[in-house]
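Trainee: Can you read through this structure? Questions will come right after.
The values are calculated or read from the model by the stated rules, or taken from the named source; none is laboratory data. Small disclaimer: the values here were computed from a predicted structure and weren't measured. In this analysis, Cβ positions are derived from the backbone assuming ideal geometry, glycine residues included, and neighbour counts consider all displayed protein chains. For the accessible areas, the whole protein counts, side chains as well, though only heavy atoms, and no ligand, DNA or RNA atoms are used. Shrake-Rupley method; radii C 1.70, N 1.55, O 1.52, S 1.80 Å.
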Amino acid sequence: VLSSSLPRLVREFVAQNNTSQIKHVIQILSQEFALSQHPHSRKGGLIGLAACSIALGKDSGLYLKELIEPVLTCFNDADSRLRYYACEALYNIVKVARGSVLPHFNVLFDGLSKLAADPDPNVKSGSELLDRLLKDIVTESNQFDLVGFIPLLRERIYSNNQYARQFIISWILVLESVPDINLLDYLPEILDGLFQILGDNSKEIRKMCEVALGEFLKEIKKNPSSVKFAEMANILVIHCQAADDLIQLTAMCWMREFIQLAGRVMLPYSSGILTAVLPCLSYDDRKKNIKEVANVCNQSLMKLVIPEDDELDEAKQSTTLPAEPALEESFSKPEAASSGEPPYHRRSELDITALTPTLSFPCSSERIQVTLNLDGIVQVLDCHLHDTSIGMMTRIAVLKWLYHLYIKTPRKMFRHTDSLFPILLRTLSDESDEVILKDLEVLAEIASSPAGQTEGHGPSDGSDVRPGPVELHVPARAGQLNSSGTKGLECSPSTPTMNSYFYKFMINLLKRFSSERKLLETRGAFIIRQLCLLLNAENIFHSMADILLREEDLKFASTMVHTLNTILLTSSELFQLRNQLKDLKTPESRNLFCCLYRSWCHNPVTTVSLCFLTQNYKHAYDLIQKFGDLEVTVDFLTEVDKLVQLIECPIFTYLRLQLLDVKNNPYLIKALYGLLMLLPQSSAFQLLSHRLQCVPNPELLQTADNTKPSTGFKRASSSNIDYTELLQHFEKVQNKHLEARHQRAGRAEQLDRRVVL
């Protein structure tokens, strides 16, 4: 009856323009049939509503609300056959109404999204037909209400059902393809959901989502001026830390494009970006693609920091990007990194409004004045340095960032130097030489930057890095050398100005060596040699000698002096300094010699080698004469042995050639014979003995009081160096060492007695 009489009746009412009767018919079909408790009645009502719509033709648009609502209600029916009939009925209604259904698109979409996940294959098949019809209508029309649809899309995009996700992605792809619909404006609303769908277990859905994201990225590259980069920055930061490789790689590729396209607009989000990017730099070959993209992101972001960032005053910014959102506040505690908790936490649905700034940026290429969030960046870098689990490449990248920031924004960076200094010193104990090299570059920049002298940025009064069992006793006025030391630092025209952190660095470096003897043994020479390349070698030796002069741990002082002396005599980096000391022609070189000598007295053999280097042969002979009063130990003889080996090295070629001039270098020969007499019958004894046998005319070794002074003696006398006072200082220092050895021996004896008792 419905299929034959109803259409004729409705057409008559249409012809009469009797809208009240038409609504009455639709109401009866809805209330008494489609919404009936009886399944057969509901089926008849659905067929009747479809027939009524067909009969109405183009006028069906006037009654769509009344026609659609009961059909959509049947979408939730427990009977799968009725759901199928409802789908079929709605298909017919939509087919007749075409573009008129667009004002009701949200309710249709909502209903279809539920049918897309229907377990019945027939219902699902019917919904797919309806879905394709609706997509055709949207594609053909220019009346689609995108603004009204986005909230629903944002809600549905977080569905975990595979079929619902597939349905959502298919619609996004359709909307992207419509020229009149600019979905890019609303990308921040759905981007997080898209990345979550990208992690679906279904390969097909992942592929569809990849395509959708790829299309969006192409559009972003074509129209960067209309992209809301800032509103999506933190979304990418979150997904760049995803456990899923595909999500992480895709998000990282987006981040790379954002940094390159948006430029300095991304600077306020730097700390979050670094949190996501830095760990990826230590990935192995299994994640090589992610590592490579992360490296590009890191390099591109670093280039955005410019010297002007050091001049901008945050309080005077007329147009600034907002500071990074609250998500990054977790960086305020270094423990966050070491505890392994990510600073950004995933949510099932991202609160976009909480993450994104309210400002938008109309053009990425426009010169926008932004404030560099240096505090946030430094906190992130500091956390990564404290985290011992991070890889070598990440640590290197962190140190490169710190160096770059000290170069580009030194004034602002020195506000953080006191907090960074301890961890930078601890990093010197790293297992990797590359990490230590980068760390030394940062420390050298801190020690030499003119910004370090700026008022208010100097080192704190205390020079302690951390408490330890071994303490260096430094001068009362830390940061200042004694009168002779200061003169040596300031008078040399080749010496660059060192800031107040330089002396603090030297003090704390020696503390580190004192508390970690293994570091001194394995890396001490390497560290000092590199510092001599990065900073001024004269400054380094002058300041270390001055500090060691006041060191109360005499054993450490002796070891440290021996290390410094070996570096001085053997390292190619110290060639210029050796030449400066060799002749003692200038007041600066003589001042340096005296400073080194006083500390070198902690080790008798090194003191003699310093005299050999500076051609003070008579004083070397006088020192060796004093060796008879010293306690000759195995270690002492070993050092003499090493000195003999050193004399045979290229560094002392000039000394060996001076042996040919016996007349002018009698004390050199006497000093060497003195060393020979100290040595037992060993290979070193044989080596030095053979060397001395090559000296011509042994008779000329005889010297008398009326002998004409040698050239070397004249040079020493004219230098105004008080060698008598230096010799007295040597005796004083050695007496201290002797007393200290006796004290150690006494304590050891007492300990042995306690053990016996």
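Trainee: In terms of the ratio Rg/(2.2 N^0.38 Å) built on C-alpha atoms, what value belongs to the stretch 1-143?
Mentor: Here the answer is 0.99, to two decimals.
Trainee: Any chance you could run the full-extension gain for T388 through K642? It's 0.36 nm times the residue separation minus the Cα-Cα distance, nm to one decimal.
Mentor: Extra length from T388 to K642 when fully extended: 87.5 nm.
Trainee: In nm, what is the difference between 0.36 nm times the number of residues separating C649 and N289 and their Cα-Cα distance?
Mentor: 124.5 nm
Trainee: Also: Over the stretch 374-452, how many percent of alpha carbon pairs lie in each 10 Å bin up to the one with the longest distance?
Mentor: All Cα pairs considered, the percentages come to 20, 59, 21, 1.
Trainee: How far is it, in nm, from the label point at D120 to the one at T73 when both lie 7 Å from their Cα along the line to the Cβ?
Mentor: A separation of 1.8 nm, rounded to one decimal place.
Trainee: Mind checking the dipole of the stretch 374-452: about its Cα centre, +1 per Lys or Arg Cβ, -1 per Asp or Glu Cβ, Debye to the nearest 20?
Mentor: 380 debye
Trainee: Something else about it: Which parts of the stretch 162-181 would a label at N142 reach, counting a residue when its backbone N lies under 17 Å from a point 7 Å out along Cα-to-Cβ?
Mentor: 177-181
Trainee: Could you compute the FRET efficiency for D583 and Q681, with r as their C-beta to C-beta distance and R0 at 41 Å, rounded to 0.05?
Mentor: 0.65
Trainee: Relative contact order of the stretch 374-452: what whole-number percent is it, with Cα pairs under 8 angstrom and at least 6 residues apart?
Mentor: 36 percent
Trainee: Ranked from the most accessible area to the least, with a 1.4 Å probe and all protein chains present, what is the order of R512, R590, R550?
Mentor: R550, R590, R512
Trainee: Sort H562, H384 by heavy-atom solvent-accessible area, probe 1.4 angstrom, most to least.
Mentor: H562, H384
Trainee: Mind checking the dipole of the stretch 528-652: about its Cα centre, +1 per Lys or Arg Cβ, -1 per Asp or Glu Cβ, Debye to the nearest 20?
Mentor: The calculation lands at about 380 debye.
Trainee: Just the number, please: carbon plus sulfur as a percent of the accessible area of the stretch 1-143, 1.4 Å probe, no ligands or DNA/RNA counted.
Mentor: Here it works out to 50 percent.
Trainee: Of E551, E128, which has the most accessible area with a 1.4 Å probe, and how do the rest follow in descending order?
Mentor: Result of the area sort, largest leading: E128, E551.
Trainee: Residue by residue through the stretch 435-448, what is 3J(HN,Hα) from phi via Karplus (6.51 cos²θ - 1.76 cosθ + 1.60, θ = phi - 60°)? Round to whole Hz and write x for glycine and proline.
Mentor: Each residue of the stretch 435-448 in turn: 5, 4, 4, 5, 4, 5, 4, 5, 4, 5, 5, 4, 6, 10 Hz.
Trainee: Further question: When all alpha-carbon pairs of the stretch 77-184 are counted, what percent fall beyond 16 Å?
Mentor: The proportion of pairs with Cα distances above 16 Å equals 57 percent.
Trainee: If R₀ is 56 angstrom, what is the calculated FRET efficiency for the pair F575 and E210, using the beta carbon separation as r and rounding to 0.05?
Mentor: Once the sixth-power term is evaluated, E becomes 0.40.
Trainee: How far, in nm, would the chain grow between H38 and T633 when pulled straight, counting 0.36 nm per residue and subtracting the alpha carbon separation?
Mentor: Extending this stretch completely gives an extra 203.1 nm.
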